[in-house]
Amino acid sequence: MEIYNQPEDIVVFGVQVKTFPNGIKGAFESLMKTFGNRTYYGISWFGENDSIKYYAMVPEAFEDEAKQYDYETLLVRKGEYYTETLYHWLSKVDSIREVFHELMPGHRPDENHPCVEWYVSGDEMLCMIKVS
């Protein structure tokens, strides 16, 4: 585990995957079809009845870009994050949950401290949990 300092807030927009974990791939494919080769984020936390709220998101390329689309917006807040880098993440999708459990001992992800998957590239993903 390492500490990563996110230097600024990032406005992201996209869709909630209401059929989590099914539907994640389709949600990202839909965003990629529209927005192409950009950085993407998966953001999740526990909702009501211990259900997981998961969002497939893309950062704004310019101010107020999100307003042009009928997507929800969230914020990846600036500050320190506990992180773990997964290389060749496509072959390790089943282990992502365990990586987040290691990053958040005794902590339950919520809207203020979500699990953030930063898809740095097609080969590298950074799992992030905001330090309190």
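The values are calculated or read from the model by the stated rules, or taken from the named source; none is laboratory data. The structure displayed is predicted, hence computed values, not measured ones. Here the Cβ positions follow ideal geometry from the backbone for every residue, glycine too, while neighbour counts run over all protein chains shown.
At-a-glance table
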item: Residues of the stretch 112-132 satisfying the condition of being buried (at least 19 other Cβ atoms within 10 Å of the Cβ) and in contact with a His (Cβ under 7 Å, 6 or more places away or on another chain); result: 129, 130
item: Enumeration of residues in the stretch 51-70 that are touching a strand residue (DSSP E or B) at 6+ places or on another chain (Cβ under 7 Å), assigned to a loop (DSSP other than H, G, I, E, B) and at pLDDT 90 or above; result: 60
item: Condition check for residue 75: within 14 Å of the chain's Cα centre (by Cα) and surrounded by 16 or more Cβ atoms within 10 Å (Cβ to Cβ); result: no
item: Residue selected from the stretch 37-50 under the condition part of a loop (DSSP other than H, G, I, E, B) and under 21 Å from residue 130 (Cβ atoms), by the criterion nearest to the chain's Cα centre (by Cα); result: 39
item: Some residue of the stretch 95-111 being among the aromatic types (Phe, Trp, Tyr), surrounded by 17 or more Cβ atoms within 10 Å (Cβ to Cβ) and touching a residue at least 40 places away in the same chain (Cβ under 8 Å); result: no
